[in-house]
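J.: Structure below; questions to follow.
None of the figures in this text is laboratory data; all of them are computed from the coordinates on show. Predicted, not measured: the structure shown is a model, and the values here were computed from it. For neighbour counting, all protein chains shown are included, and Cβ atoms are generated from backbone atoms with ideal geometry for every residue, glycine included.
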Amino acid sequence: MNNLCVAHRGFSAKAPENTKAAIKLAMNEPFVNWMEIDVQLTKDGVPVVIHDYTVDRTTSGKGKVKDLTWKEIRSMDAGLWKGRQFQGEQVPSLDEVLALVKGRLKLNIELKTSGDMYPGLEATVLTRLREHQMMSDVVLTSFEPKALLRAKDIDSDVQVGLIIDAHPRDLLSRLKKMGCSFLSIGYSHLDASFAAELIRNGITPMAWTVDDRRSMAALARMNPEIMICTNRPDTWGQLFLNKFAPRIPFWRKWRGWF
C-alpha cells in the first residue's frame, strides 16, 4: 500500500495546530509526505496560517483575523492553550511555513474564506508560492468554489481541489467544471467505487480527518491512491509498518489462538 499521509495542520494531536511546533513534529515523522494548512489574510494583507476566522480559540487574543494587523496577531500566544511546553508559539506567516517545509513536504493549502471575505487572497498566496518556487509542490483547496475559480483565472496551471463533507450526485461533473485535480472529502462519504471513478478521471481523493486505525486501514484497502489526512501521523505510521495486521488480544496470543 502506498497511501500518502497528510498531517492535518501539522502534528495537531500533539502540538498546537498550524504552528511551527506542529509542523516540525510532523516533519520528524518519516511517513509524512504532505501537510494541510489553512491560510487567511490579516487586516494589512499578510497571509497567515490559522484555521478559525477568529483568533479566540487558538491564541491568547480576541477578534477576527481579518480585523487584526499582522503585528497584533504576532504578539499573541498561539501555544499555551495546548500545553505549557508550547508557551510562546506564534501564529506563523505563510512565508515562514513555506521556507520551513520547502524541499521536505508538499502542501495542501486551504484558502480559508467565504464569498468575498478576503479580496486578493488567491493572488497573494500564488505570489508567495512563486517567490518560494513551490508552485509544483502545492495544491490549493477550499470549501468556496469561487476561490478555486479565481485561483485558476490567475494561473491556469495551479492545482486546485474542492473541500466537501458530502457526496452529491453531480460531484464529479462539478469538479471537472472547476478544473479540479484534487478532492478533499470527509472520509465517511468516500467508497471504493467513487474513489476509483475519481482516479480514472485524473482527480486525487484525500480523505479527512482520519485518526483511528480501523478507518485508516479501511480507506487504504479501498484504493492505494487515497491520501489520508490525519491529526495522528504516528498512528498512520504504526499501522503501515504492521501492514494492517489485526490487533490480536493478548490472551489469544498467550494461548496460541491465531
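J.: Considering only the chain, what is the antiparallel percent among its DSSP beta bridges, to the nearest 5?
T.: 15 percent
J.: Using a ≥ b ≥ c from the Cα gyration tensor of segment 1-119 (square roots of the eigenvalues), is it rounded, prolate or oblate, where a/c under 1.5 gives rounded and otherwise the larger of a/b and b/c decides, a/b for prolate?
T.: Because a/c hits 1.5 or more and a/b fails to exceed b/c, segment 1-119 counts as oblate.
J.: So, one more: Segment 206-245: which trypsin sites (Lys or Arg not before Pro) are DSSP loop and have at most 14 other beta-carbon atoms within 10 angstrom?
T.: Lys243
J.: Turning to a different aspect of this structure: Based only on other Cβ atoms within 10 Å, what is the fewest-to-most ordering of Trp81, Trp34, Trp236?
T.: Trp81, Trp34, Trp236
J.: I've got another one for you. Taking the Cα centre as origin and putting +1 on Lys and Arg beta-carbons and -1 on Asp and Glu beta-carbons, what dipole magnitude results for segment 1-112, to the nearest 20 debye?
T.: About 140 debye.
J.: Using a 10 Å cut-off on Cβ atoms, rank the peptides 139-145, 44-50 from the highest mean neighbour count down.
T.: 139-145, 44-50
J.: Write out the trypsin sites (Lys or Arg not before Pro) in segment 34-65 meeting two conditions: DSSP loop, and at most 14 other Cβ atoms within 10 Å of their Cβ.
T.: Counting only loop positions with at most 14 other Cβ atoms within 10 Å, the trypsin sites (Lys or Arg not before Pro) in segment 34-65 are Arg57, Lys62.
J.: About the Cα centre, and with charges only on the beta carbon of Lys, Arg (+1) and Asp, Glu (-1), how big is the dipole of the chain? Nearest 20 debye, please.
T.: 980 debye
J.: Determine the shape class of segment 155-224: with a ≥ b ≥ c the square roots of the Cα gyration tensor eigenvalues, call it rounded for a/c under 1.5, and otherwise prolate if a/b is greater than b/c, oblate otherwise.
T.: Here segment 155-224 falls in the prolate category.
J.: At a threshold of 8 angstrom on Cα-Cα distance, excluding pairs fewer than six apart, so keeping six or more, what relative contact order does the chain reach in percent?
T.: Computed over the chain, the figure is 19 percent.
J.: Also: Would you calculate a helix-derived [θ] at 222 nm for the chain, using -39,500 (n - 2.57) for each DSSP H run of n ≥ 4 and dividing by the full residue count, to the nearest 500?
T.: -9000 deg cm²/dmol
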